[in-house]
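Before we start, here is the structure in question, set down as structure tokens.
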Amino acid sequence: MTIMKPFQSIRPRADLASRIAALPYDVYNSSEAREVVSRNEFSFLKIDRAETLLPEGTDMYSPQVYEKAKVTLERMIEDGAFVQDMENCYYIYELTMDECRQTGLVGCASIDDYLNGTIKKHENTREDKELDRISHVDTLSAQTGPIFLAYRAQKELNALIQTAKAETPIYDFISEDGIGHRVWMISHADIVTQIGHIFDGIPALYIADGHHRAASAVKVGLKRREENPDFDGSEEFNYFLSVAFPDEELRIFDYNRVVKDLRNYSPEEFMTILRESFEITPCGKTAVRPNKKGCFGMYLDGSWYQLELYDDMKSDDPVDGLDVSLLQTLVLSPILGIRDPKTDERIRFVGGIRGLDFLSSCVDEQSGGVAFSMYPTSMAELLAVADAGRLMPPKSTWFEPKLRSGLFIHSF
């Protein structure tokens, strides 16, 4: 049984939705965020990254940054840029990328489901990254960026969503990066009740993206419980903003690796060691995009190669058998000396959305090292790892398109 609760969203005025909606706060560095806000005075980044409204050099984690975010949001609400719905609703959020659509249900998940494992994780979180969003959520008394959840597809829920999508959307726009965004509101009491009952029968939800935001929202909820010892569980701080998608609609992109050097090996020596685990096929200047599990592309010394793992090196374990795990245990750690990819500065992770030419250019620019193109982790693998109560290696999944912040705000 899972809980996905309707709520009274604070959301953009219809004519400003396309200007307010912003990519997640953590895809930008501070200078990039400042550039976005300078071009678009309505961008939600000025709330998610409020240092953009303060002098350059301001500590982005200082209390004045979070206070600035709170004041800015309150002012935009007062000015009518945002409106608040007066009844509990669900919302449908459809994103279209390259003619592929994914449609999620927007509601609020339960912090208790997170704590008891009904909402399942596949990544660890870092405390330093949590602290920023804890301060942001706690100061604003609102969650501004939805958690990206997945569930195993459910026919009855899909039918209700498709029926709702036959109505006129409240938002319909294409963002600067070419992604289509459409939103519908579900306010009819009977349909709202039906959706809640359907989630009662869904055994688990899975965090696809947003582990740090989810952990932060939960910790703020627990803090509010301590501050309100007579809480009864119905308070809004017991829930966090989420968008839940059926697993069959989601696309995971490759998350590739670039290593700065070969750890004192020559390219020839490195290749010799690799042949103990992989069949290697030279591909010259033709970039290699792996077409199946157990295959890797490699850019080394100006040329591309296809690496195919020998069968006896594979594993049926849900974590050890992941391609990202196999590359780590067979190549990155024992050969290149990258023991902890979370902290080692010699390795860089590159989302597949950037393309393969970006990988080769990275290696060429650093005058050495190696790049690996990966076959994407599958949704089935992600669910299997989470169901086993295990964790994936860092940077195992890259989801596109990214959910926009600012389209839905859950206040408490």
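So which residues in the stretch 197-220 are farther than 26 Å from P12 by Cα and in a loop (DSSP other than H, G, I, E, B), if there are any at all?
Matches in the stretch 197-220: G201, I202, P203, A204.
Mind checking which strands (runs of 3 or more DSSP E) fall wholly inside the stretch 289-352 and carry at least 1 residues that are farther than 25 Å from A380 by Cα and among the polar types (S, T, N, Q)?
Answer list for the stretch 289-352: 303-309.
For the stretch 325-369, how many residues are surrounded by 14 or more Cβ atoms within 10 Å (Cβ to Cβ), free of Cβ contacts under 8 Å to residues at least 40 places away in the same chain and under 20 Å from M392 (Cβ atoms)?
Qualifying residue count, the stretch 325-369: 4.
Taking into account only those residues within the stretch 99-144 that are among the hydroxyl-bearing types (S, T, Y) and part of a helix (DSSP H, G or I), which is surrounded by the most Cβ atoms within 10 Å (Cβ to Cβ)?
That would be Y114.
Can you tell me which residue within the stretch 161-196, out of those that are more than 27 Å from the chain's Cα centre (by Cα) and part of a helix (DSSP H, G or I), is surrounded by the fewest Cβ atoms within 10 Å (Cβ to Cβ)?
Only one residue fits best here, namely D190.
For the stretch 25-43, check the following and say yes or no: at least one residue is closer than 30 Å to G196 by Cβ and crowded, with 22+ Cβ neighbours inside 10 Å.
no
Since every read-out is calculated from the coordinates, none of them should be taken as a lab result. Every value quoted in this text rests on a predicted model; they were computed, and no experiment measured them. Glycine gets a Cβ as well: all are built from the backbone with ideal geometry, and neighbour counts include every protein chain shown.
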